[in-house]
1. For each of MET364, MET1, count neighbouring Cβ atoms within 10 Å of the residue's Cβ, then give the residues from fewest to most.
2. Among the DSSP beta bridges whose two residues both lie in the chain, what percent are antiparallel, rounded to the nearest 5?
3. Using the Karplus equation 6.51 cos²θ - 1.76 cosθ + 1.60 (θ = phi - 60°), what ³J(HN,Hα) coupling, rounded to whole Hz, does each residue of region 270-285 give in order, writing x for Gly and Pro?
4. Farthest toward the dipole's positive end in the chain, which of PRO11, ILE126, THR36, given Cβ charges of +1 (Lys, Arg) and -1 (Asp, Glu) about the Cα centre?
5. Out of GLY246, ALA382, VAL321, whose Cα points farthest toward the positive end of the dipole of the chain (charges: +1 Lys, Arg; -1 Asp, Glu; placed on Cβ)?
6. With Rg and the Kirkwood Rh both taken from Cα atoms, where does Rg over Rh land for region 60-213?
7. For the chain, modelled as a GNM with alpha-carbon contacts under 10 angstrom, which of ASP99, ASP56, ASP132 fluctuates the most?
8. By its C-alpha gyration tensor, with a ≥ b ≥ c as the square roots of the eigenvalues, how is the chain shaped: rounded for a/c under 1.5, else prolate for a/b larger than b/c, else oblate?
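Just so you know, all these numbers are worked out from the coordinates, no wet-lab data involved. Remember, it's a predicted structure, so these values are computed and weren't measured experimentally. We place every Cβ from the backbone using ideal geometry, glycine too, and count neighbours over all the protein chains shown.
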Amino acid sequence: MDIEALRRGTPGVAHRVHLNNAGAGLLSRETLRTMTGYLELESEIGGYEAAEREGDRVDRVYVDLAELVGGRPAEIALFDNSTHAWQAAFHSLTFRPGDRILTGRAEYGSNVLTFLQAARRTGAEIVVVPDDASGQLDTTALAGLIDDRTRLIGVTHVPTGGGLINPAAEVGRIARAAGVPFLLDATQSVGQFPVDVRRIGCDLLTATGRKFLRGPRGTGFLWVRPELLERLDPFVTEIASATWDGHRGFTWQDGARRFETWERNYAAVLGLGSAVRQALDLGLTAIGERALSLGAALRTRLAELPGVTVHDRGEHRCAIVTATVDGVPADRVAAALARHGINVSTTNPEHTQFDAEARGAHPMVRLSPHYYNTEPELDRAAETIAALRR
């Protein structure tokens, strides 16, 4: 991996230290050119006409996304963000009073709110699986909580507020053995390291384009295991998802595209495709090795600073690093870093409600390097934080 070449192809690194890839990764010049080129085409020949002309390139996005997660193109549906993709998957399931939804403490805030809404509407029960001693989802406890009322296992692979990597493949093994659908929120993991739906054994997977994939904002996708399709009833029905039979009925589109809507931002879709293709060409194994090693290096740097506490948990940890500084609120730490040209973000207890209930660490400073970051940039961030205690 030629880091200097990758940095030359990333305009943002010229004037910022971008450690906010868990928020939104920096676009490459190639992705930017792809998007602006398409918008210019729209302005010259018209929106419908541009979409028709570039139809083969749009179709290629499905092919590349399928390769990215180990699926097939017909199993991919495109969305404007990962939350809508996740909602489309969740709301296609039916829940009744007494049904159980099993999830983890690291579940993302929007997913939790949807679970709460489902419980209010249907009488379903939300069961939060405890963490094990390392801080990851306790798979032994999960297996013991499954019964004949369990209708869904919904787990976030990598939480928004920490470096934990949940044991998704073991969850998948348990879900398959029990015959329970498994919905994996892979928003923070896809693009950061290899994610393979066949190896994991999930039935539904959702992800975004804007984070570690380095795609544009306003993009996301859903992968659906084809064997599950007949058990799902999409909650949005429109001309892209279904075909009228000429009378008083309709048939769903084949495959996962039954979850899509007709209108979309084609410039963003092609930008997503460009970013995915670049990730595939670099290799997700190489990306993951570098990203995780940078995360580990930054975690070590921060843990060695007096008055700084690192809060990441789990047996396996990724490129997301969370920390607090004694006597300095997280927003002040983030602001100080910003004044030095370093992009970070802070965690919010409302974004991981069950985790916030279990521990009082939030809010924390969240730093998330990616493969195009460098060791000197990590040093700069650590030195800036260290100066806050002097």
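1. Starting with the residue having the fewest Cβ neighbours, the order is MET1, MET364.
2. 55
3. 5, x, 4, x, 4, 5, 5, 4, 5, 5, 5, 5, 5, x, 5, 5
4. Value computed over the given set: PRO11.
5. Looking along the dipole axis, the top candidate is ALA382.
6. 0.94
7. Result for the chain, Cα springs under 10 Å: ASP56 fluctuates most.
8. It is oblate, given that a/c is not under 1.5 and a/b is not larger than b/c.
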